[in-house]
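Notes follow the structure.
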Amino acid sequence: MSEAADRAGVVRRLPLADRLSRLAPVLLVPVLVLVGLAAISSTSSWLTLTVSGLAMGMMIFIMASGLTLVFGLMDVINFGHGAFISVGAFVGVSLLMALGEMTGAPSLALNLVALFLAVLAAMAATAVMGWAFERVIVRPVYGAHLKQILVTVGGLIVVEQLIAVIWGPEEIYLTRPEMLKGAVTFAGAALERYRLVAVAVGLVLFLAMRWVLRRTRIGLIVRAGVEDGEMVQALGYRLRLVFVVVFVAGSALAGLGGVMWGLYQEVVTAGMGEEMMILVFIVVIIGGLGSVEGCFIGALLVGLMQNYVAFLEPKLALMSNIGLLVVILMWRPQGMMPVVKAK
Amino acid sequence: MPEPILSLSGVCTDIAQYRILHGVDLEVARGGVTMLLGRNGVGKTTTLRTIMGHWRARAGTIRLHGRDIIAAPTAAIARAGVGYVPEGMGIFSDLTVEENMVLAAVSGPLDRMRLERIFEAFPPLRTFWRSPAGTLSGGQKQMLSIARAMAEERRLYLIDEPTKGLAPAIVSTMAAALRNLKRQGASILMVEQNFAVARALGDTAAVMDDGRVVWTGAMADLAGDTALQERLMGLRMEGA
């Protein structure tokens, strides 16, 4: 830009290629959906799989969003994040079972109240657990990645064993609340009610999170902190305190994701969080470290890809997301929408 | 003589296994502008970062308003009234210009009068108010960086090479803004390689070499003595 333009403040428009490049990750989701439509001959099957993929993606997003901010803000790699998923699932499912009369009643209102109470309990429990986890396990190893990996994996193992002690070593099977069972028919496709609820919850949470990050001061601090934590402190903000808030919120969201995933699978196990961490890490990496938007798009891509490939070529389903990870990283080595600078 | 707003005594700082500052002694007078000069790599930026608490001093004392801040967290140092403009500008490129400024007003909403004064000094910031800071040019980013430090009343400004890499016309805009800040009675400690700017703004100068302050005195004395400049910094300063 010229000196005169610098002084006068002439608005510089980004070149078209740059603007398209920014938009490209957002376009990937509709592109994948259209590729799915072309590859799957039956429209009703495609619709069912798409809703299923979106529901799965939303749940993974809920579990992963806190982790990406935790990494972005304080450069902390928390392999123990899966513990919050498992504990959230067990707490939520225990409460749902205790509220059997409400969940078994053919009343949507009663079912939703029971679900809300279960989610609230799971989020409260995992928030408290997240606070303790940060204080006892994460805080002593700030800035030391290898130690972070070792102690957070250790924390995960301890929590899984504690779950076995409290709830027993067996998996717990459950049924969804009465009104969330079954499916509705749309355009000849059977769409599971619970999956539609999961899509709605995920969408509301994403919009709420975006609003908080863009419209509130704490959101501004978090976004700025992910980009340059040192400068945020130099402005006068206590980043450690903000980090604890984000860690606790991320743990609570993982707890919520755990309840939702448990209801989706209709079974909960102590190791479910650990198993989910593979998908969660894929989403965080392809989304770009520290980016909630990238995490959201990445989660949808993973959910859709898994469902489409499982239908078209079941043997490839397990490695489809690894393939997605490889392709995305070859295209954008720092993920689709990285916020954190390469370290 | 009034107590200095900032004083460093015997400050030593290590980065990894290397000692970068070997006992820095420095004072910034209340309402004065002290220029921190010296060759590249002598510890000027490290001195500012140590004052801000980004790097911890191993030894010595750093007093701000007479209070030792050597162990204070960075946020507490900033809240004690220190505005910091780092060498890399520290702009949040993902945030808009407005969001950068809102964030800089730590104690509450942005003061409209103050903001108008900032717009007068740096007109592009008004134009780009809603644009992502990452789309600004280098000069505009530097304007934002200084404007952000001015978003609230500060008692001391630490400014690291504000004119580095800027076109001459932008340098004069920057110098005018800093001169205005000085007129308002701000105390400033500034690292500057552009000697014309340093001479125009500085009341006193401190020259560093090998992690120590090796000369302090009036800026006018240094500006008028080319032999001294050559001895301290190895070259005659441009614009001297």
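Quick notes
- Gyration tensor verdict on chain A (Cα atoms; rounded if a/c is under 1.5, prolate if a/b is larger than b/c, oblate otherwise): oblate
- Under 5 Å between amide hydrogens, built in the peptide plane, is the criterion, and for B:ASP209 it picks out B:VAL214 among residues at least 5 positions away or on other chains.
- With q set to 0.10 Å⁻¹, the log10 of I(q)/I(0) for the protein assembly as shown, from the Debye formula over equal scatterers at the Cα positions, is -0.91.
- Shielding of peptide B:92-98 by partners, expressed as the average count of other chain Cβ atoms within 10 Å per residue Cβ, is 4.
- Residues with amide H under 5 Å from that of A:GLY288, placed H, sequence gap 5 or more: A:MET336, A:MET337
- Ordering of A:226-237, B:87-98 by burial proxy (mean other Cβ atoms within 10 Å per residue, highest first): A:226-237, B:87-98
- More than 17 angstrom apart: percent of Cα pairs within region B:91-153: 27
- Region A:32-94 shape via C-alpha gyration tensor axes, a/c threshold 1.5: oblate
- Loop-located GluC sites (Glu not before Pro) in region B:165-238 (DSSP state other than H, G, I, E, B) with a sparse environment of at most 15 neighbouring Cβ atoms within 10 Å: B:GLU238.
- Residue mean of other protein chain beta carbons inside 10 Å, B:65-76: 2
- Classified by the C-alpha gyration tensor, region B:16-157 has a prolate form. Its axis ratio a/c, with a ≥ b ≥ c, is 1.5 or above, and a/b is larger than b/c.
- Between B:TYR157 and B:GLY83, B:SER187, B:ILE188, B:LEU189, the built amide H atoms are under 5 Å apart, and every one of these is 5 or more places off in sequence or on another chain.
- Peptide A:222-231 has a mean of 6 when you count, residue by residue, the C-beta atoms of other protein chains within 10 Å of its C-beta.
- Within a straight-line Cα-Cα reach of under 18 Å, A:LYS147 can be paired with the following aspartates and glutamates, leaving aside sequence neighbours fewer than 8 residues apart in one chain: A:ASP75, A:GLU134.
Values quoted throughout were computed directly from the atomic coordinates according to the rules given, and no laboratory measurement underlies them. All values reported here derive from a predicted model rather than from experimental measurement. Backbone-built Cβ (ideal geometry, glycine too); neighbour counts: all protein chains shown.
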